[in-house]
Amino acid sequence: MLPQVIAAEPALELIGGAGIHPRLSGTDNPSMTASPAPLDFARLPLTPAALANLQLLGYTQMTPIQAASLPIALLGKDLIAQAKTGSGKTAAFALALLANLNARRFAVQAMVLCPTRELADQVTQEIRRLARAEENIKVVTLCGGVALRGQNASLEHGAHIVVGTPGRIMDHLERGHLDLSALNTLVLDEADRMLDMGFFDDIAKVARQCPPERQTLLFSATYPEGIAKLSQQFMRQPQTVKVEAQHEASKIRQRWYQVRDSERLHTVSKVLNHYRPASTLAFCNTKLQCRELVQVLKAQGFSALALYGELEQRERDQVLVQFSNRSCSVLVATDVAARGLDISQLEMVINVDVTPDSEVHIHRIGRTGRADEEGWAISLASMNEMGAVGRIEQLQNVESDWHKVEDLTPASQEPLVPPMVTLQIVGGRKEKIRAGDVLGALTGEAGFTREQVGKINVNEYSTYVALDRRIADEALQKLSAGKVKGKSVRVRLLDDES
Ligand code: ADP
Ligand code: MG
């Protein structure tokens, strides 16, 4: 049977991406006061506690993909949902699986398959935030790179929800650690990326071990062929919803520069010196180009890190932490490596190479100009990329705004330095360190202010703290000499050589 397609479109164009516009809140419009506005979460059959929690999280309205998919998912129907990265897909399935869950029943009732550990971690965090309203709901993350034994112990303590990568979940199933007989909801998140990574067979095996009458939700940024194959095998009459990849034009300012291939990488540093964005995601078409760009940027004194497929998990974690906490100015990435990552506060996206796939261009530039912020999307194109530029113009239905490389004059003679520095503490969740402990140590005895401390990421074995660059050395000394949670800790500053 053919999936039914419901496209959520023009009415939602005003909103664009994950950005929520306060202007649209229902009560502003007198004709809508009788029933909740179209994007109001109160339209959904959610508990008052869940609605209140959404308010607390600052989720004042549904994003377009949430508005399109939640009514269907909450009815228990199978669903294929397609929307670009950053559009709020996680909450779209998380609210549905939480609504299906009985906290008093100690069995795995929902499972989310994700392509990578960091995506699984992001999903787990979002589910935990959304589950806060309910009773004690246990979410366990099952990914590779960590001993099976500890994960098994967590499962034995009772888990309501399991989030993990297909490979590791297979391992647990094969060892009999994971009982899926009570599963209500199976979610395939970032399905396109899981297919890219060759997980089809693992997904198939895992799905076959789930009860046949379960609900299956499939989320994806793009819709490659393999998705139809997945859905035919594992889904029951799925409905399809899709939010077109359009952005609110005014929030992303796009400019194009024509370059010769030989000057492309140096033009990136001219762009950075001219616009001076605090955080930039630079896309290259190949890994090799990523590496070369990072070298060029570093040689010129920028703080830049590369993200590409083959990094070890620990390296990837550190790169992402440093970029997202604003202690690295430029993250240079391939499309595959950057897919699905939720990075907020991105002032600029640079298309170092033009992508041959115009949809990918839309996904790339949609990383900036989120929420109420504006963003720059700067693209470099050589003569032989003009065909691809034409296709992008067609898809976006706007003419490219060309500027001259000569106009890229430095806005300052000072080097572009990230505002923060990352301090690593050896010890993380396993040592029961919490963000509050670290913040306490820094603002208590060490005497720093809350404003001088940025994002704190507590990982399994390490904790990363963003510090105002100006206090970093002093904080390092004080923490080395002092204590966190009553214990001495080993600390070091990460620079972009690590
Ligand atoms: P996707 O999976 O589509 O890439 P995410 O689920 O990671 O997107 O969501 C992107 C960001 O938007 C997250 O930081 C999330 O907390 C936020 N978000 C999701 N839904 C809402 C909402 N209704 N209102 C405000 N922010 C939201
Ligand atoms: Mg996602």
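Check the stretch 197-213 and report whether any residue there is within 16 Å of ligand 1 (Cβ to nearest atom) and surrounded by fewer than 19 Cβ atoms within 10 Å (Cβ to Cβ). No, the conditions are met nowhere in the stretch 197-213. Within the stretch 19-59, the set of residues being modelled with pLDDT under 70 and either surrounded by 12 or more Cβ atoms within 10 Å (Cβ to Cβ) or within 25 Å of the chain's Cα centre (by Cα) (or both) comprises G19, I20, H21, P22, L24, S25, G26, M32, P36. If you go through the stretch 129-175 and keep only what is charged (D, E, K, R) and within 20 Å of the chain's Cα centre (by Cα), you end up with just R129.
Screening W376 with (1) among the hydrophobic types (A, V, I, L, M, F, W, C); (2) crowded, with 17+ Cβ neighbours inside 10 Å; (3) under 15 Å from A221 (Cβ atoms) gives one miss only, at (3).
Yes/no matrix, rows are residues, columns are (1) closer than 21 Å to A191 by Cβ; (2) surrounded by fewer than 22 Cβ atoms within 10 Å (Cβ to Cβ); (3) not aliphatic (A, V, I, L, M):
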| site | (1), (2), (3) |
| --- | --- |
| A304 | no, no, no |
| L311 | no, yes, no |
| R314 | no, yes, yes |
| L331 | no, no, no |
| L341 | yes, yes, no |
| S344 | no, yes, yes |
| V354 | no, no, no |
| T368 | no, no, yes |
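The set of residues in the stretch 440-452 that are part of a helix (DSSP H, G or I) and open to solvent by less than 40 Å² (accessible area, probe 1.4 Å) comprises G440, A441, L442. Scanning the stretch 280-301 for residues that are open to solvent by 10 Å² or more (accessible area, probe 1.4 Å) and not charged (D, E, K, R) yields N285, T286, L288, Q289, V294, Q295, V296, A299, Q300, G301. Of the set (1) open to solvent by 10 Å² or more (accessible area, probe 1.4 Å); (2) away from ligand 1 (no atom under 12 Å from the Cβ); (3) within 20 Å of the chain's Cα centre (by Cα), all apply to T85 but (2). Scanning the stretch 455-485 for residues that are in a helix (DSSP H, G or I) and not hydrophobic (A, V, I, L, M, F, W, C) yields R469, R470, D473, E474, Q477, K478, S480. Looking across the stretch 292-331, the residues that are touching a Cys at 6+ places or on another chain (Cβ under 7 Å) and either charged (D, E, K, R) or over 25 Å from V453 (Cβ atoms) (or both) come down to L293, A306, Y308.
Somewhere in the stretch 64-81, is a residue under 22 Å from D202 (Cβ atoms), in contact (Cβ under 8 Å) with a residue 60 or more places away in the chain and open to solvent by 20 Å² or more (accessible area, probe 1.4 Å)? Scanning the stretch 64-81, I find no residue that is under 22 Å from D202 (Cβ atoms), in contact (Cβ under 8 Å) with a residue 60 or more places away in the chain and open to solvent by 20 Å² or more (accessible area, probe 1.4 Å), so the answer is no.
Only one of the numbered conditions (1) near ligand 1 (Cβ under 10 Å from one of its atoms); (2) under 16 Å from the mean Cα position of the chain (by Cα); (3) buried (at least 21 other Cβ atoms within 10 Å of the Cβ); (4) in contact (Cβ under 8 Å) with a residue 40 or more places away in the chain is not met by V112, and that is (1). Checking the stretch 145-168 against the condition returns a match, with at least one residue being within 22 Å of L75 (Cβ to Cβ), aliphatic (A, V, I, L, M) and not in a loop (DSSP other than H, G, I, E, B).
The values are calculated or read from the model by the stated rules, or taken from the named source; none is laboratory data. Since we're looking at a predicted model, the values are computed, not measured. Neighbour counts run over all protein chains shown; Cβ positions are idealised from the backbone, glycine included. Calculation scope for accessible area: heavy atoms of the full protein, side chains included, ligands and nucleic acids excluded. Shrake-Rupley method; radii C 1.70, N 1.55, O 1.52, S 1.80 Å.
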